[in-house]
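Novice: Structure provided below as structure tokens; questions to follow.
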Amino acid sequence: MITWYPDFCPSGQCMIELEKASGSINWTTPKRLITLCPHHQNVKNINALDDTGVFTAILRSCQAKEKARWALKLDFMANGTIDDDYISESNPTGVIDKEWPGTRFKADPSGDIIIEHGTLHIPPQARQRLSKLVDDESKKIDQVPGISRILLE
Amino acid sequence: MGKALLVASPAAGLASGDENNIFGYGTDTTAEANAQANCTEGADFTNLRANITGGGSGTNTFQFRDAGANGQNVIAIVGASSGEDATNTDTLSAGDLFNIAYTDTGTNSNISWMCANVTFASGHGNFHGGAAFSGVVCDAQSSTRFFQFAGIIAVDGEATENNVEWTNRGYTSFEALQVRVTANARTNNSDFRNRKNGADGSLLCQFTSGATGLISDTSPADSIADGDTVNASITLDTGLEDLTLAFVIGTLKSSSSKSETWAADQTGVSRTAGATAHYFTIGGRIRALTDLTETTARIKPGFAAVVSNLRCYLSANTYTGNGMLKLYQNGVAVITTTITAAGGAAWYENATDTITIDADDELSFEFDEGTSGSITIHSVGITFAPLPAGGPFPPWPQTIFQPIALQN
């Protein structure tokens with residue numbers, strides 16, 4: 001049994017069974033929704049989605065989040081952004097490089113995915129540009145009913 | 001059914017708010033989801049314990065977490081000392097998520113180990129995993145790399161599979177594989193598989209483009225035998241985008257009620273020959289040579305057992321004289337595995353000698369000697385077998401039980 005636990009449920013935990021066949025996993029149609037978190041159950045109900053519809057909304061939300069996070073990492077690398085939490089003996093300045101693990105995020109109670117910048121040194125004047133970057137990149141994913149909004153903290 | 005041992009050993013100090021788990025590991029995270037593992041078997045978790053070797057000036061709390069809520073196991077250690085919850089049990093169902101939350105009221109803690117015992121509801125086995133909960137980036141495109149089920153997972157995975165293989169002695173089935181990905185900018189599928197003797201097993205954790213979170217495969221198990229090697233692999237398609245990985249775990253079971261524990265470092269720890277001995281914990285991560293003393297490395301497995309097959313894998317061995325790997329029991333060397341001089345990359349194992357331990361005995365590993373040259377250590381471990389019927393004591397002399405005839 002293949003089980004996917006997405007990592008951005010605001011409370012509770014979605015568990016989705018996927019099907020494995022011919023050495024690959026079917027990421028188009030779920031085999032079974034084992035449990036939905038309260039937020040994603042609400043997404044299903046409000047948008048009158050079937051199991052595949054809510055699964056697609058969850059996957060597209062995740063992909064939009066990752067589009068935005070990757071765009072931010074590339075921007076931070078290009079601009080020499082510093083992360084205090086990334087300081088180590090081998091990287092005493094904390095400047096973001098290719099091994100930086102990525103921006104933190106959280107899901108707020110409404111289901112919006114908030115990209116956090118807690119220990120990042122981001123100049124105030126860059127914030128509006130980065131917010132637009134997050135918005136533009138996240139919308140490169142096919143927009144489906146129930147998809148989460150991706151926002152910069 | 002019976003207890004098995006979970007061991008974790010962090011790379012850096014614990015700060016209040018850190019989340020981690022009882023296998024591996026390297027680095028912590030402050031995001032609980034990134035440390036949550038799937039309890040792929042119904043299981044009881046008991047005897048959560050930890051050893052603080054420095055810092056920790058206040059009260060340091062290690063809390064077992066069950067599905068994001070506080071569980072029953074909890075220890076509060078004041079200052080640099082060890083502590084154990086000898087009372088509480090957390091009973092999890094298959095599919096439940098678990099982790100450990102750390103908080104403190106003073107300075108950060110340096111710990112040599114954090115342990116617990118796990119008892120499967122059905123059969124006998126353990127969870128074995130490599131971890132770096134803050135995440136390591138994998139982006140080696142169009143290639144397959146490899147991971148160990150212990151210690152820190154390495155950036156990109158290890159290119160040489162031998163370096164991350166564990167030679168199994170006690171387990172008989174590979175029950176489940178699980179992988180947690182914390183960032184995924186890949187534009188195609190990323191596949192993780194279990195490996196047996198350098199070939200793909202049947203378990204698959206696949207992340208499609210942009211998918212993050214935990215995927216577990218609990219499909220029908222692969223059988224494994226004494227002498228088989230086990231590890232995991234990652235196969236990435238084209239592209240240099242990040243896949244950030246927090247942990248890879250295998251669930252292994254034994255039809256003969258055996259279990260194993262081993263410490264590992266995927267990229268290897270080099271030890272130059274010399275008269276100064278170096279000590280390591282019997283699970284988790286192989287730390288820097290001088291991190292631990294024999295005392296701070298000691299771990300109580302927490303159950304009675306016969307211990308055997310003291311072994312290690314070295315990717316290099318240029319010692320000019322024999323080196324020694326020793327198992328210590330309560331501070332005394334009890335089994336020695338000879339690291340044959342100039343033996344090169346190989347497994348070194350004592351397949352003959354055994355010891356019997358009770359539930360309170362403490363074990364550690366020592367590397368020593370070698371004259372000159374060096375070795376590179378990737379894994380070191382032992383096998384636990386249940387005590388023979390009758391317990392740890394030798395059988396009473398037969399004559400005691402000779403029938404005595406009553407005389408009228």
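No lab work stands behind these numbers, since they all come straight from the coordinates. All values derive from a computational prediction rather than experimental measurement. Methodologically, a virtual Cβ is constructed for each residue, glycine included, from the backbone with ideal geometry; neighbour enumeration extends over all protein chains shown.
Novice: Return the distance in nm (one decimal) between the two label points of a simple spin-label model at B:Thr61 and B:Thr238, each offset 7 Å from Cα along Cα→Cβ.
Specialist: 5.3 nm
Novice: Which whole-number percent is the relative contact order of the stretch A:2-152 (Cα, under 8 Å, 6+ apart)?
Specialist: 25 percent
Novice: So what's the convex hull volume per residue for the Cα atoms of the stretch B:126-255, in Å³?
Specialist: Taking the convex hull of the Cα positions in the stretch B:126-255, it is 86 Å³ per residue.
Novice: Please list, in order along the stretch A:33-42, the HN-Hα scalar couplings obtained from phi with the Karplus expression 6.51 cos²θ - 1.76 cosθ + 1.60 (θ = phi - 60°), rounded to whole Hz, x for Gly and Pro.
Specialist: Going residue by residue, I get 8, 6, 9, 10, 5, x, 5, 6, 5, 5 Hz, with x marking Gly and Pro.
Novice: Taking 8 Å as the Cα distance limit and 6 or more residues as the minimum spacing, I'd like the relative contact order of chain B as a percentage.
Specialist: Relative contact order of chain B: 16 percent.
Novice: Another one. From the P(r) of the protein assembly as shown, can you give the percent of Cα pairs sitting at distances over 34 Å?
Specialist: Here the tail beyond 34 Å accounts for 39 percent of pairs.
Novice: Would you please give the residues with an amide H less than 5 Å from that of B:Gly71, counting only those at least 5 places away or on a separate chain, with H modeled from the backbone geometry?
Specialist: Those lying under 5 Å, H to H, from B:Gly71 are B:Phe64, B:Arg65, B:Asp66.
Novice: Take every Cα pair under 8 Å in the stretch B:259-385 that's 6+ residues apart, average their separations, divide by the length, and report that relative contact order as a whole percent.
Specialist: Across the stretch B:259-385, relative contact order equals 42 percent.
Novice: For B:Lys253, go through the lysines and keep the ones whose alpha-carbon is under 28 Å away, minus same-chain ones fewer than eight residues off.
Specialist: The reachable lysines, counting only those whose Cα sits under 28 Å from B:Lys253, are A:Lys20, A:Lys31, B:Lys3, B:Lys196, B:Lys300, B:Lys326.
Novice: Show which lysines lie in cross-link reach of A:Lys132 when reach means a straight Cα distance below 19 angstrom and same-chain residues fewer than eight apart are skipped.
Specialist: Output for A:Lys132: A:Lys65, A:Lys67, A:Lys73, A:Lys106, A:Lys140.
Novice: May I pose another question? Whole-Hz ³J(HN,Hα) for each residue in the stretch B:23-34, computed from phi via Karplus 6.51 cos²θ - 1.76 cosθ + 1.60 with θ = phi - 60°, x for glycine and proline: what do you get?
Specialist: Taking θ as phi minus 60°, the curve returns 8, x, 7, x, 10, 8, 9, 9, 9, 4, 4, 6 Hz for the stretch B:23-34.
Novice: Can you give me the C-alpha center-to-center distance between the stretch A:63-106 and the stretch A:108-124, rounded to a whole angstrom?
Specialist: Rounded to whole Å, the Cα centres lie 13 Å apart.
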